[in-house]
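Here's the structure we're looking at; comments come further down.
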Number of protein chains: 2
Amino acid sequence: MGTQVEQYELTHPGDEAVELTAVLSALAEPARLTIVHTVADYGSEGGMACLDVWEKSGLTATKSTMSHHYKVLREAGLVVMWWVGAKKHVRLRRELMDVRWPGLLDAVLADSSVPRAQQKQ
Amino acid sequence: MGTQVEQYELTHPGDEAVELTAVLSALAEPARLTIVHTVADYGSEGGMACLDVWEKSGLTATKSTMSHHYKVLREAGLVVMWWVGAKKHVRLRRELMDVRWPGLLDAVLADSSVPRAQQKQ
């Protein structure tokens with residue numbers, strides 16, 4: 001039977017509905033920038049588990065704070081998320097970003113001052 | 001003699017103090033994007049009067065709302081502002097942006113969906 005997990009629906013805006021101001025606003029937060037960096041660095045085409053993002057990123061935010069950050073990124077159109085069993089997975093909507101705002105995500109990801117080194121010691 | 005105008009001090013962060021999240025946050029608002037577009041399109045090396053930005057942009061925001069937007073842009077490090085007589089002037093800190101985050105401002109300015117057409121009829 002397995003564990004019962006509440007798998008709420010993960011909704012996403014269509015390509016046309018994604019707006020620059022929402023994308024910029026979603027990126028304008030250190031933890032969310034760290035998430036985007038981590039998914040860009042470690043995620044394959046098939047995305048990665050959010051639990052792995054948390055471990056790789058060194059972020060120490062709580063589960064509910066992380067869920068909020070993913071919701072903001074997802075609703076802004078920056079990421080696609082889906083369930084694999086009980087685990088949420090995530091990948092960047094890089095092809096959309098690169099078509100709509102060429103160079104934007106690359107410019108943001110090239111920034112080395114993003115606090116990726118909030119390592120758990 | 002002349003008219004007495006309150007010329008409050010226009011402070012700016014030093015180059016090193018300018019942060020990506022503040023820049024992204026400042027840009028994540030339609031009217032501020034419009035201001036940045038307008039200054040990029042019409043401002044010379046010597047900048048332009050904020051009154052001219054208002055006229056060229058077609059923005060209909062009140063003076064106090066515009067002042068707030070300029071304050072956010074200035075404190076984020078996106079613009080330099082100074083007084084010429086009773087008029088505030090503004091220019092982009094483009095050289096700083098282009099050194100710190102190459103391609104970022106270009107990617108944002110290339111977006112044609114920015115609501116620049118809020119023309120006063």
Taking amide hydrogens as modeled 1.01 Å from N in the peptide plane, which residues meet the under 5 Å criterion relative to A:ALA61, leaving out close sequence neighbours? none
Cα to Cα, under 19 Å, and not fewer than 8 places away if on the same chain: which aspartates and glutamates meet these conditions relative to B:LYS56? B:GLU29, B:ASP41, B:GLU45, B:ASP111
The computed P(r) of region B:19-110 puts the percent of Cα pairs beyond 21 Å at 22 percent
Using a label position 7 Å from Cα in the Cα→Cβ direction, what is the ascending list of nm distances from A:THR60 to the same site in the other copies? 5.0
Only loop residues by DSSP count here, and only those with at most 16 other Cβ atoms within 10 Å; note down the GluC sites (Glu not before Pro) in region B:25-121 that meet that. B:GLU45
Which value in deg cm²/dmol, rounded to the nearest 500, describes the helix-derived mean residue ellipticity at 222 nm for chain B, given -39,500 (n - 2.57) per DSSP H run of n ≥ 4 and division by the residue count? -13000 deg cm²/dmol
For a label point 7 Å along the Cα-to-beta-carbon line of B:LEU51, residues of region B:74-93 with backbone N under 15 Å: B:83-90
Computed FRET efficiency, Cβ-Cβ of B:VAL84 and A:GLU29, R0 45 Å: what is it to the nearest 0.05? 0.80
How far apart, in nm, are two points set 7 Å out from the Cα along the Cα-to-Cβ line at A:ALA40 and at B:GLU9? 3.7 nm
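Read the figures in this text as sums done on the coordinates, not as results from a lab. Predicted model, so just to flag it, every value in this text is computed and none were measured. Counting neighbours? That spans all protein chains shown, and the Cβs are built from the backbone with ideal geometry, glycine included.
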